[in-house]
Each structure stands twice: as structure tokens, then as C-alpha cells.
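Working notes for the structure below.
What follows draws every value from the coordinates through simple rules; no lab data is involved. Note that the structure is a prediction, hence the values are computed from the model and not measured. Note that each Cβ is placed from the backbone with ideal geometry, even for glycine, and that neighbours are counted across all protein chains shown.
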Amino acid sequence: MAIVKPCGIIIDHREMYTCESTSQLFPFVERLHENGNAGAAELSKLKYLVDIFHIRGHTKAECDISQASCKSHLDLPIFTEISAANTECAEQTFSWLKKYKHTVKYMTAAKFRFFLCSIIEDRNTEIHQQQKGEFL
């Protein structure tokens, strides 16, 4: 799991031990919030959207912008100020990361975590240097 800025810089990453859908994740966070978890309380205040790449495949009413139950479509007025942002940055990051799958396949967990931190740091530095070059 990763938090990625629209420019591609990876802010944080965590290992997920199971695959979970957002429908499973949101009730889990809500339950934590109800039980007094401060972090979950902050997460429950956030507005979530489905990126432009994935929204095309969503067919449920809560993803249909014409329905009142829709709360996460990128084209909703609540997301106007970020509608031009790169909402596919996480997908682009995972595409970049996928090229290392054969390299890490046989690593121990500790070596994998070290390697992952190293390549993320290198990538973030490279993106940052490119951005600095744009503004010079």
C-alpha cells in the first residue's frame, strides 16, 4: 500500500498482509473510529475519490455521477479543485515497481524491504531533481 503524490513522489508505503477491497477497508476504518482510534477518526474525515482510470469500470450506483448516492466520482463538484491532478499516479507508480518483480522474487523479507526502501528513495530523488530542473 502506498501514498503517492500526483507528481509521483512516494510519501509512504506499508506492507499489506491480505488483499482488501475498499468496501472492506472503509467499514474497518469506521469500526476503528467508533472504538476511539484517533488515526481512524482523521481518516474518516477525508473525502475519497475513484481515479479516472478506475471509475470507468465501476457500475454500482454509488459510482454513477447521476445518482444521489455517488460520493467518490472525480467529476463531482467537491473535487473541482483537484480534477486536473494526476489521479493515476498510484497506478503509474505500481507500473514502475512491477519491473522489479523478478529481482525481488527470491529475496528474504528483510532484503525485500531494504531494497524497496532504497529504490523508492532513489526514485523520489530523481523525480525531485527533475522538478527542480523545471523551475530553474
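Cα-Cα over 22 Å: which of K111/K132; K60/K98; K5/K132; K5/K99; K5/K98? Mind showing how you got there, number by number?
Values: K111/K132 31 Å; K60/K98 29 Å; K5/K132 16 Å; K5/K99 20 Å; K5/K98 18 Å.
Check vs 22 Å cut-off fails for K111/K132; K60/K98.
Report the extension gain between E126 and K105 in nm, rounded to one decimal, defined as 0.36 nm multiplied by the number of residues separating them, less their alpha carbon distance. The partial results should precede the final answer.
Numbers: separation 21, 0.36 × 21 = 7.56 nm, distance 2.49 nm.
Difference between extended and current length: 5.1 nm.
Calculate the dipole size of the chain relative to its Cα centre from +1 charges on Lys and Arg beta carbons and -1 charges on Asp and Glu beta carbons; express the result in debye to the nearest 20. The partial results should precede the final answer.
Working: 16 positive and 17 negative charges, 103 e Å.
Charge dipole of the chain: 500 debye, to the nearest 20.
Could you tell me what % of all Cα pairs in the chain have separations over 25 Å? Please report the intermediate quantities before stating the final value.
Working: 3904 of 9180 pairs.
Counting pairs separated by more than 25 Å, the tail of P(r) holds 43 percent.
Please identify the chymotrypsin sites (Phe, Trp or Tyr not before Pro) of the stretch 80-119 that satisfy two criteria: DSSP loop assignment and at most 11 other Cβ atoms within 10 Å. Which are they? Don't jump to the answer; show the numbers that get you there.
On the way: sites: F94, W96, Y100, Y106, F112, F114, F115; in loops: Y100, Y106.
Within the stretch 80-119, the qualifying chymotrypsin sites (Phe, Trp or Tyr not before Pro) (loop, at most 11 other Cβ atoms within 10 Å) are Y106.
What distance in nm separates the two pseudo spin-label positions at K60 and A40, each 7 Å out from Cα along the beta-carbon direction?
With each label placed 7 Å out from Cα toward Cβ, I get 1.9 nm.
Would you compute, from DSSP H runs of 4+ residues alone, the mean residue ellipticity of the chain at 222 nm, taking -39500 (n - 2.57) per run and dividing by the full residue count, rounded to the nearest 500? Don't skip to the answer; put the middle values down first.
Values: 6 runs with 66 residues, N = 136.
Taking each H run of at least 4 residues, the total per residue is -14500 deg cm²/dmol.
So for the chain, averaging the separation of alpha carbon pairs under 8 Å that are six or more residues apart and normalising by length, what relative contact order in percent results?
Numbers: 98 pairs, mean separation 35.1, N = 136.
Relative contact order comes out at 26 percent.
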